[in-house]
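Only one structure is covered here, and it is reproduced in the block below.
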Amino acid sequence: MEKRDRIIYFTVTGLFSVLILMGVSQYFFNYEMVAEMFTNIKFPTYLIYGMGVAKLLGVLAIWFSKSDLVKEWAYAGFVFNMILAISAHVNVGDGEFLGSLLALILVITSYVFFRKRRNDNRKVAIA
């Protein structure tokens with residue numbers, strides 16, 4: 001992987017992780033505000049803690065898992081989550097979909113560079 005690609009991968013993945021972790025911190029430390037937001041977009045509030053834990057585990061998997069399969073599933077989970085969040089905000093019409101759209105763009109970019117990094121590492125191992 002070229003140096004430029006490594007810089008892009010780590011920068012985008014870092015920005016995505018910070019964005020997700022800021023949201024997770026709100027899930028755990030500002031429950032009332034998040035519960036109101038969930039109610040506004042017609043999501044049940046019992047999802048809040050489960051989603052917070054899942055997002056935290058997903059970020060940890062992307063950064064620290066040795067298994068490419070686990071990383072692939074973490075990326076997939078985030079993509080599904082962001083698409084559903086965008087859809088929920090658009091359907092309700094509250095105009096709050098931009099954060100989810102930004103996260104979707106960041107996670108897709110991170111995934112593309114993760115795959116490129118993984119494929120380059122496999123080429124080196126074969127050679």
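A short reminder: the numbers here are calculations on the coordinates, not readings from a lab. This structure is a prediction, so every number in the text was calculated from the model and none was measured. Because the Cβ atoms are built from the backbone with ideal geometry, glycine has one as well, and the counts that use them run over all protein chains shown.
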Mean Kyte hydropathy of 1.0 or more with a Cα span along the axis of at least 15 Å, helices from DSSP in the chain: 47-64
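For the peptides 50-58, 4-12, what is the packing order when you average, over each peptide's residues, the other Cβ atoms within 10 Å and list the highest mean first? Can you show the working numbers first?
Details: 50-58: 16.6, 4-12: 14.7.
Highest to lowest by the protection proxy: 50-58, 4-12.
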Alpha-carbon centroid distance for the pair segment 1-36 / segment 52-127, whole angstrom: 10 Å
Theoretical gain in end-to-end length, I7 to A54 [0.36 nm per residue, Cα-Cα removed]: 14.2 nm
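Do any chymotrypsin sites (Phe, Trp or Tyr not before Pro) in segment 37-113 lie in a DSSP loop with no more than 10 other beta carbon atoms within 10 Å, and if so, which? Don't skip to the end; give the middle numbers.
Working: sites: F38, Y46, Y49, W63, F64, W73, Y75, F78, F80, F97, Y111, F113; in loops: Y46, F97.
Counting only loop positions with at most 10 other Cβ atoms within 10 Å, the chymotrypsin sites (Phe, Trp or Tyr not before Pro) in segment 37-113 are Y46.
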Mean Cα-pair separation over length for the chain, i.e. relative contact order, pairs under 8 Å, 6 or more apart, %: 33 percent
Calculated FRET value between N30 and L101, using beta carbons and R₀ = 22 Å, to 0.05: 0.50
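Sequence gap at least 6, Cα distance under 8 Å: using those rules, report the relative contact order of segment 59-118 to the nearest whole percent. Don't skip to the answer; put the middle values down first.
Working: 34 pairs, mean separation 16.2, N = 60.
Relative contact order of segment 59-118: 27 percent.
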